[in-house]
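The values are calculated or read from the model by the stated rules, or taken from the named source; none is laboratory data. Computed from a predicted model, the values in this text were never measured in an experiment. Neighbour counts run over all protein chains shown; Cβ positions are idealised from the backbone, glycine included.
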Amino acid sequence: MITVFGATGNTGSPLIEALLAKGAKVRAVTSDPAKIDSLKAKGCEAVAANFTDPAALEQACAGADKIYLVTPAHLDMRSWKANTIEAAKAAGVRHVVLATGLGASPKAGLTFGKWHSETQELVKESGLDWTFVQPTYFMQNLLWQADSIAKEGVYYDDLGGPVAWIDARDIADVAAEALTGSGHEGKGYGLTGPEALTGEDVAATLSEATGQSITAAPLAPDDAKAAMMSGGMQEEVAGAMVELASIAPKGYLGGIETTVSDVLGRPARRFKDFVAENKSAFVR
């Protein structure tokens, strides 16, 4: 049995499909009881558990050999993950595949890197086998701007430098391999797409796919933070997101990792293919 936390998220949802395709027995965990039926319809078990409820977390892990752990970006994400790790230990789980972020380490200088590193070190100290999947920016995040891109013909670039965007489905596929294959214990997998793209590259890709003129416009850090907060993000978390984006102009988000192809034996998905698949979201 493999328990997947964050089962309806960007990586958890495709991970369930990937695991089921491999013939694995899967238990999906969501904090929203209303999503139980749709998860069961995929062919897996499904349970509701809140990250603040140790008993529910332990029950979600009961009988599982391995778990996939991801949480939303939140001030409490470290305590949520700590609760889940403790519950996994109590339930007899052997292996945790933990989603963190590229660059997470005890030497990290950025807030998210520090937060993710704390959890990584906690897992290492737990005695459980572990694998870390450490992605960069998700291509799926572009969908947050779909309406404004379609209506205004503008991609608001809050990064200001090259970014090696990765498709969340590639993260899920690497996680699925780590959960079902062998030799992945004790490894940290930095995950990026196959190319680094500037805001102008993103706009050009959108223009080509939609047949419309899409331009890139810089988005000031304060405006980016305000937009995230208006969407419900906590101020401190939005600040950490802006801090992360601030290193893009220096080229620090543009490095290319070959991990996807190394682990899966196929190339990572390309940005232009993601945009083409989601073309309808970006047109009027």
Please work out which residue is surrounded by the most Cβ atoms within 10 Å (Cβ to Cβ), limiting yourself to the stretch 114-127 and to residues that are under 13 Å from residue 78 (Cβ atoms) and of a type outside the set (Val, Ile, Thr).
-> 116
Checked against (1) closer than 16 Å to residue 26 by Cβ; (2) part of a strand (DSSP E or B), residue 98 satisfies every condition except (1)
Considering only the stretch 93-109, state which residues are surrounded by fewer than 18 Cβ atoms within 10 Å (Cβ to Cβ) and either touching a residue at least 40 places away in the same chain (Cβ under 8 Å) or closer than 24 Å to residue 58 by Cβ (or both).
-> 94
The lone condition residue 144 fails out of (1) in contact with a strand residue (DSSP E or B) (Cβ under 6 Å, 6 or more places away or on another chain); (2) in a helix (DSSP H, G or I); (3) closer than 21 Å to residue 270 by Cα; (4) not basic (Lys, Arg) is (1)
If you take the residues of the stretch 239-274 that are crowded, with 20+ Cβ neighbours inside 10 Å, of a type in the set (A, V, I, L, M) and at pLDDT 95 or above, which of them is farthest from the chain's Cα centre (by Cα)?
-> 263
Only one of these is surrounded by fewer than 20 Cβ atoms within 10 Å (Cβ to Cβ), over 23 Å from the mean Cα position of the chain (by Cα) and not aromatic (Phe, Trp, Tyr): 234, 212. Name it.
-> 212
Only helices (runs of 4 or more DSSP H) wholly contained in the stretch 171-275 count here; list those with 3 or more residues that are over 20 Å from residue 109 (Cα atoms).
-> 199-210, 221-230, 259-264
Name the residues in the stretch 224-251 that are touching a residue at least 12 places away in the same chain (Cβ under 8 Å) and of a type in the set (Asp, Glu), would you?
-> 236, 243
